[in-house]
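The block underneath contains the structure these notes are about, expressed in structure tokens.
The values are calculated or read from the model by the stated rules, or taken from the named source; none is laboratory data. Being a predicted model, the structure only gives us computed values, none of them experimental. Please note: Cβ atoms are built from the backbone with ideal geometry, for glycine as well, and neighbour counts cover all protein chains shown.
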Amino acid sequence: MARHNTKHNRRKPQTPVVEHPKHPADPVVTADYERKIRLFLQQATDKRMQHGTLAVKCRAKRSPSAFHAALEKLIREGIILKKGESYTLSSRENCFEATVSRLSAGYGFIKDETGVEHFVPGKFLLGAMPGDKVLARPLPQRDDRSPEAEVATILDAKPGVQLSGTIVPTEEGLCLLPDTMNICLHIDYRESEPYGIGDKVLCLLTSRGSRHADHRVIVLVNYGSAENAENCMAARIAAEDIPVKFPEEVLTEAKKLADAGITEFDLADRLDLREECIFTIDGAASKDMDDAVSVTEHPDGSFTLGVHIADVSHYVRYGTALDKEAFLRGTSIYYADKVIPMLPPALSNGICSLNGGEDRLTISCIMELSPQGDLLSAKFHKSVICSAVRGVYSECNAILDGSASPEIAEKYAAVTPMLQTLDKLTDRLERLRELRGAPELESTEAALLLDENGHCTGLAPIERGKSERIIEACMLAANEAAAKCAREAQIPLVYRVHEQPSPERIEQLKEMLVRLGGTPPTFHEAQPKDIQQLLNDCREEVWFPVINSLTLRSMAKARYSEEPLGHFGLALRDYAHFTSPIRRYPDLVVHRILSDLLAGGSAEWMGKRYGKFVQQAALQSSETELRATRIEREADDCYAAEYMKAHVGETFRGVITSVTDFGVYVTLENMAEGLLHIRDMPEGEYEAEEGWYIKDTLSGREFRLGMPIAVVCARADISAGQIDFVLANDDE
């Protein structure tokens, strides 16, 4: 059966280009050799030509220094490739230029000039690091995911590369085990930064070899024990070059705006809603509240829904230091009990946050809805509000289910009738969503329970009460209205798009459903209602979490685009992100554009003003969102491992949610996920059908996708965010 080989493919260092410092090359002669080299390699019957043959054809003896200078220049520019002692034109091997986007243990990704990512096996990276510009050649693609490639040569090595990792002992002394590699790097010791076994550190790459194992580093920062999830994440964030501190210029600009408060000039031409009953609902720990709601039910059963969003665009003007920093960050990053904000606290937690009892500038979306919840019309206004109550999800849920204490009931007395009306309207909006056929996928994330020291003491499935659903439904309605407004006005916008899943992914999903015992709906080209039917048909099955997870994986990734491509997952033609400008840059851009539209900007003028910018903003916002998502997932893994570290040796129940050729991944009832490796299965002869089962051909025992299983937590590596299981006694 297939197994992963843990030995590294050790390449011999490439033969260096010979230099002739005593005989400087004549530029004219060198240019002539460049032309000859390209000509002879183009005419070669075989793609490759040996060094000696090429030298003879070019008559290199006439000027060896110019010949070697020409070779070096062509290699450096990626026009020719050198392998051993032979050369070829890169154009004859379908090579393309790309940038290394990220590394992981044993592999990496490069992004070509069109923005497409290519998977690169570790042995084909040639020591390339994130940020390096490389010349790559395609490899045969093994599945329908990322296309594959290998690095042919490194064109431009990024200077100042930093990487996080753990100090580990080796036969050659203490070395760095990077978080993104499964090899150890040599450390050049500096007394100014002492370190020891098990420390989590940030390092600077100081020299490179022809493969990752030959790179050398120095330690820049020691964060302390790698047995602490908080230390591990601090190092990873630094290595990702994610800005944590704000530049002084940005802080000064934010403080000046916050200190100025709201003036009469700011209120000019704004719809004054300060006497209206408007309130926020957020998590208890939230400090950056950027959305508030209001609703009125009319005698005929129709509704007027108001969604009032902090007018961040009033403060963060295009081209300012604040705007440039927000564009760079793209989004706030939330992990564990921490946040890396997009905007300085003076804005995010201060003048832009819709704090209870304080006047705040907003952009209001006032929607007229039918008794069934259909959107009849929507108008946007620059406005000013004063939130009546700082609502908290848990407290609002208690009001709605009748379990609120007298103190909570008194706090919400003024808004309780409106909260109940929102409850009724949300039922209508959710029913419409169901009728549209929007797939109802359940969250696979876990809430982290932390103690006063920030250590993870528990995991629990994330639950959404009615008030969470109220806010979600209201925000979806406003986001749809914003996108529809821009599309109909024919003005540029940053849309939130979610494209149709590929037919290959859907066929794989249907095949897995059949294997698990389900019956997929009959359809050829998947529509949202088909996916929803598929989920509904097996929602009561014990293996539903597996299908839910597989469905999530089969979906295309949502992203930002300047084109209104619609949202498959929500079954909506129009969708944009309008409701979180404090923490998402695309929302801020949408506010900026709608503000200009409200001020009378014509479609032609706005096309010239924003046409190119929305393309840049969409691309940057998509990339920073992916980075934030990666960091948040890594944090979840590290903190989950920190929790499970305290429970090594204990037995847990779970379900097999993923099958590979080296083992199965098990998701526990507490949502922690770990690996049961083949080496930790009972002795036998195993064969695997990746994605479906691992089977012992001697005993006939199978470990199948969706199978309930009892496991013991054997190991938990906090630094790597990995949990390892062995079989519990009753499952052996």
**OP:** Please go through the range 374-408 and pick out each residue that is small (Gly, Ala, Ser), under 30 Å from Gly600 (Cα atoms) and either outside the structural domain of Phe279 (by TED's automatic domain parsing) or crowded, with 20+ Cβ neighbours inside 10 Å (or both).
**Re:** Ser383, Ser387
**OP:** Select from the range 595-615 the residues that are aromatic (Phe, Trp, Tyr) and over 17 Å from Gly319 (Cβ atoms) and list them in ascending order.
**Re:** Trp605
Subject >> the range 402-428 residues that are closer than 21 Å to His298 by Cα, paired with ones that are among the small types (Gly, Ala, Ser) (beta carbon under 6 Å, 6 or more apart) >> reply: Ala414/Ala388; Val415/Ala388; Thr426/Ala473; Arg428/Gly373
**OP:** For Phe578, state whether it is assigned to a loop (DSSP other than H, G, I, E, B) and in contact (Cβ under 8 Å) with a residue 60 or more places away in the chain.
**Re:** yes
Original post:
Do you know which of the residues in the range 48-82 that are among the charged types (D, E, K, R) and free of Cβ contacts under 8 Å to residues at least 40 places away in the same chain is farthest from Asp26 (Cα to Cα)?
Top reply: Lys57
Subject >> Filter result (under 25 Å from Gly106 (Cβ atoms) and polar (S, T, N, Q)) within the range 204-237 >> reply: Thr206, Ser207, Ser210, Asn231
Subject >> When residues of the range 300-337 are limited to those that are under 16 Å from Asn349 (Cβ atoms) and of a type in the set (Ser, Thr, Tyr), the one surrounded by the most Cβ atoms within 10 Å (Cβ to Cβ) >> reply: Tyr315
Subject >> Pairs, first basic (Lys, Arg) in the range 245-261, second part of a helix (DSSP H, G or I), C-beta under 7 Å, six or more apart >> reply: Lys255/Ala346
Original post:
Would the range 365-379 turn up any residue that is farther than 14 Å from Lys287 by Cβ, within 31 Å of the chain's Cα centre (by Cα) and touching a residue at least 40 places away in the same chain (Cβ under 8 Å)?
Top reply: yes
**OP:** For the range 498-511, state whether one or more residues are surrounded by fewer than 20 Cβ atoms within 10 Å (Cβ to Cβ), farther than 27 Å from Ser622 by Cα, modelled with pLDDT of 85 or more and in contact with a Cys (Cβ under 7 Å, 6 or more places away or on another chain).
**Re:** no
Original post:
For the range 345-355, how many residues are closer than 27 Å to Cys232 by Cβ and buried (at least 23 other Cβ atoms within 10 Å of the Cβ)?
Top reply: 1
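Taking the conditions exactly as written (within 26 Å of Asp214 (Cβ to Cβ) and in contact (Cβ under 8 Å) with a residue 60 or more places away in the chain), does Leu135 satisfy them or not?
Spelling it out, it is not the case that Leu135 is within 26 Å of Asp214 (Cβ to Cβ) and in contact (Cβ under 8 Å) with a residue 60 or more places away in the chain.
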Subject >> Selected residue (criterion: surrounded by the fewest Cβ atoms within 10 Å (Cβ to Cβ)) from residues of the range 441-492 that are among the acidic types (Asp, Glu) and touching a strand residue (DSSP E or B) at 6+ places or on another chain (Cβ under 7 Å) >> reply: Asp451
Original post:
Within the bounds of the range 478-495, is there any residue that is farther than 27 Å from Ser595 by Cβ and in a loop (DSSP other than H, G, I, E, B)?
Top reply: no
**OP:** Kindly list the number of the only condition in (1) in contact (Cβ under 8 Å) with a residue 12 or more places away in the chain; (2) within 23 Å of Leu509 (Cβ to Cβ); (3) of a type in the set (Val, Ile, Thr) that fails for Thr629.
**Re:** (1)
**OP:** Report those strands (runs of 3 or more DSSP E) wholly inside the range 248-332 carrying at least 3 residues which are among the basic types (Lys, Arg).
**Re:** none
**OP:** Would you check which residues across the range 127-155 are over 13 Å from Cys95 (Cα atoms), modelled with pLDDT under 90, over 23 Å from the mean Cα position of the chain (by Cα) and not polar (S, T, N, Q) and list them?
**Re:** Pro140, Arg142
